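S.K.: I'd like to ask you about the structure that follows.
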Amino acid sequence: MMHEKWMRRALKEAALSGDDVPVGAVVVLNGLVIASAHNERESASSSLAHAEMLALQRAGFALDSRRLTGCTLYVTLEPCPMCAGAVIMAGLGLCVFGAYDAQYGCCGSVYFLPADKHFNHTVPCIGGVLKTECEDMLETFFNTRRNQPKAKR
């Protein structure tokens with residue numbers, strides 16, 4: 001139940017993504033949201049501005065530390081290789097995601113980077129929390145985008 005509560009918060013954040021793929025992320029510590037973000041790749045003109053990366057960066061600022069020990073990341077879409085690497089480097093306690101990503105997902109779908117024993121720190125991941133709601137938001141976005149004239153994209 002607690003995972004669903006925070007995933008709903010991540011879904012609300014995803015809804016703020018505007019013209020970008022609707023992905024939202026929140027970082028929780030001791031039952032409090034310490035940071036949140038949504039995709040800003042298009043508005044920031046940056047391939048690095050994924051919701052997870054921004055939320056982790058903001059959490060670091062909030063804690064005045066790069067180490068996010070004990071924190072949980074909730075994100076509406078399974079992290080890609082870059083974001084899964086950031087999950088490890090931040091030293092998170094847990095990563096929880098909604099929709100699986102069969103193309104780029106690196107928390108179990110394509111690869112399971114945070115569980116790779118070659119790294120000094122591994123991070124447990126839980127996928128499929130509010131999966132249908134997360135998938136529906138993404139599907140609606142991409143269906144709308146496909147039906148738009150290319151000049152509006």
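S.K.: In region 97-119, which residue that is within 13 Å of the chain's Cα centre (by Cα) and either modelled with pLDDT under 95 or part of a loop (DSSP other than H, G, I, E, B) (or both) is surrounded by the fewest Cβ atoms within 10 Å (Cβ to Cβ)?
M.R.: So in region 97-119, the residues within 13 Å of the chain's Cα centre (by Cα) come out as 97-101, 104-107.
Of the ones still in play, those that are also either modelled with pLDDT under 95 or part of a loop (DSSP other than H, G, I, E, B) (or both) are 100-101, 104-106.
On the way: 100: 18, 101: 19, 104: 16, 105: 23, 106: 22.
So the residue we want is 104.
S.K.: Right, another one. In region 23-38, how many are over 9 Å from the mean Cα position of the chain (by Cα) and under 20 Å from residue 135 (Cα atoms)? Quick ask: steps written out before the conclusion?
M.R.: Taking region 23-38 first, the residues over 9 Å from the mean Cα position of the chain (by Cα) are 27-36.
Still in the running and under 20 Å from residue 135 (Cα atoms): 36.
Result for region 23-38: 1.
S.K.: May I ask you to list the residues in region 96-109 that are more than 15 Å from residue 50 (Cα to Cα), touching a helix residue (DSSP H, G or I) at 6+ places or on another chain (Cβ under 8 Å) and of a type in the set (A, V, I, L, M, F, W, C)?
M.R.: Once the filter is applied, which keeps residues that are more than 15 Å from residue 50 (Cα to Cα), touching a helix residue (DSSP H, G or I) at 6+ places or on another chain (Cβ under 8 Å) and of a type in the set (A, V, I, L, M, F, W, C), region 96-109 yields 96, 99, 107.
S.K.: Scan region 137-153 residue by residue and report those that are more than 16 Å from the chain's Cα centre (by Cα), under 20 Å from residue 14 (Cα atoms) and not in a loop (DSSP other than H, G, I, E, B). Break it down stepwise before answering.
M.R.: Let us first name the residues in region 137-153 that are more than 16 Å from the chain's Cα centre (by Cα), namely 139-153.
Subset that is under 20 Å from residue 14 (Cα atoms): 139-146, 153.
If the condition is that a residue be more than 16 Å from the chain's Cα centre (by Cα), under 20 Å from residue 14 (Cα atoms) and not in a loop (DSSP other than H, G, I, E, B), then 139, 140, 141, 142, 143, 144, 145, 146 are the ones that fit.
S.K.: Tell me, which residue of region 120-153 that is modelled with pLDDT under 95 and over 21 Å from residue 18 (Cα atoms) is least open to solvent (accessible area, probe 1.4 Å)?
M.R.: 121
S.K.: What pairs come up if the first residue lies in region 134-147 and is within 18 Å of residue 4 (Cα to Cα), the second is aromatic (Phe, Trp, Tyr), and their beta carbons are under 9 Å apart, counting only those six or more places apart or on different chains?
M.R.: 134/97; 135/100
S.K.: Quick one: which helices (runs of 4 or more DSSP H) sit completely within region 1-96 and have at least 3 residues that are free of Cβ contacts under 8 Å to residues at least 24 places away in the same chain and open to solvent by 20 Å² or more (accessible area, probe 1.4 Å)? So that I can check it myself, show each step before the final result.
M.R.: Values: elements: 2-14, 41-44, 51-63, 81-90.
Once the helices (runs of 4 or more DSSP H) in region 1-96 are filtered for at least 3 residues that are free of Cβ contacts under 8 Å to residues at least 24 places away in the same chain and open to solvent by 20 Å² or more (accessible area, probe 1.4 Å), what remains is 2-14.
S.K.: Additional query: Report the residue count in region 28-68 for those that are closer than 15 Å to residue 91 by Cα and touching an Asp or Glu at 6+ places or on another chain (Cβ under 9 Å).
M.R.: The qualifying residues number 1.
The values are calculated or read from the model by the stated rules, or taken from the named source; none is laboratory data. Nothing here was measured: the structure is a model prediction, and the numbers come from that model. Note: ideal-geometry Cβ built from the backbone for every residue, glycine included; neighbour counts use all protein chains shown. Side chains included, ligands, DNA and RNA excluded: accessible areas come from the protein's heavy atoms. Shrake-Rupley method; radii C 1.70, N 1.55, O 1.52, S 1.80 Å.
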